[in-house]
Amino acid sequence: VKQEDLKGIKILITAGPTREYFDPVRFISNRSSGKMGYKIAEAALERGAEVALISGPVSISPPEKLHLFHKVETAEEMKNKVNELFQWADVIIKAAAVSDYRPKHKSEHKIKKSDEEIVIELVKNPDILKELGEKKGEKILVGFAAETDLPEGNAREKLIKKNLDMIVLNDVTKQGAGFEVDTNIVKILYKSGKIEEFPLLSKKEVAHLILDRIKAILKERA
Ligand code: PMT
């Protein structure tokens, strides 16, 4: 039914974790598998959109027929690639779990074990989505929020701070939601203050829901 209903729309999606190295073989990262973002890419392609996928390190395969597929490791690399494609995109969906911090120093050599305790100092990473929000223009910006406490309040704050059209909240403490699993339980929060709540669904179903909402925004504007 939904075939080709996003034809001509250019969608940029980020997925997966970032890796922030403190020596050549060690890094700080998180549990993102990339599944949520990759399912959005797959669903958008099925609906005729042109899709660019920027992915952190994951072990799943990208769908075929992407306009562009680019793998990155660090938040800095993700930021640069996202910025390169910003002008091209009509819609940007940031499902990636970007590390908010990175080690201040990256040792050139593998850190050797000694009797001393070591401390890894962290500095702030750029907030990619917030920077996009500042130059948003007519583009539709969709964020994700992975929360463990006060989920709705935190998600609303991110929605406003980052100037998003909507934010998809997954309470990652719930069984069957968030990282790694094939399903998700989400709420979608809108700029208007509206909140929609959904039951346990496959990530593919969640992907289509998000695309339906984007389509509605596009239609409203036309
Ligand atoms: O990959 P899966 O295993 O399928 O899991 C899916 C998921 C839980 C990773 C995904 O659905 C999700 O919630 N992604 C966002 C996780 C996250 O980093 O949330 P956050 O609340 O830290 O960030 C909020 C938003 O800002 C996100 O859209 C994020 O991409 C963006 N961000 C965050 C930090 C940063 N430095 N730059 C950003 O752009």
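The values are calculated or read from the model by the stated rules, or taken from the named source; none is laboratory data. Values in this document were obtained by computation on a predicted structure and should not be read as measured data. FYI the Cβ positions are ideal-geometry reconstructions off the backbone, even for glycines, and counts take in every protein chain you see.
Annotations for the structure displayed:
- Residue check, S107 at pLDDT 95 or above and either within 13 Å of the ligand (Cβ to nearest atom) or in contact with a Cys (Cβ under 6 Å, 6 or more places away or on another chain) (or both): no
- Extreme residue, nearest to the ligand (Cβ to nearest atom), among residues of the range 46-56 that are in contact with a strand residue (DSSP E or B) (Cβ under 7 Å, 6 or more places away or on another chain) and part of a loop (DSSP other than H, G, I, E, B): G56
- Annotation for the range 124-133: at least one member residue is within 13 Å of the ligand (Cβ to nearest atom), closer than 23 Å to K10 by Cα, assigned to a loop (DSSP other than H, G, I, E, B) and not hydrophobic (A, V, I, L, M, F, W, C).
- Residue list for the range 1-40, filter: within 13 Å of the ligand (Cβ to nearest atom) and part of a strand (DSSP E or B): L12, I13, T14, A15, P17, E20, I28
- Selection within the range 177-192 - of a type outside the set (G, A, S) and not in a strand (DSSP E or B): F179, E180, V181, D182, I185, K191
Residue-wise test of (1) among the aliphatic types (A, V, I, L, M); (2) more than 30 Å from K7 (Cα to Cα).
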position	(1), (2)
S55	no, no
V72	yes, no
A75	yes, yes
Q87	no, no
I111	yes, yes
L122	yes, yes
K135	no, no
L141	yes, no
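- Residue under evaluation A43, criteria (1) buried (at least 17 other Cβ atoms within 10 Å of the Cβ); (2) within 16 Å of the ligand (Cβ to nearest atom); (3) over 16 Å from the mean Cα position of the chain (by Cα); (4) not acidic (D, E), criterion not met: (3)
- Of all residues in the range 76-87, none satisfies being surrounded by 13 or more Cβ atoms within 10 Å (Cβ to Cβ), away from the ligand (no atom under 14 Å from the Cβ) and under 27 Å from L201 (Cα atoms).
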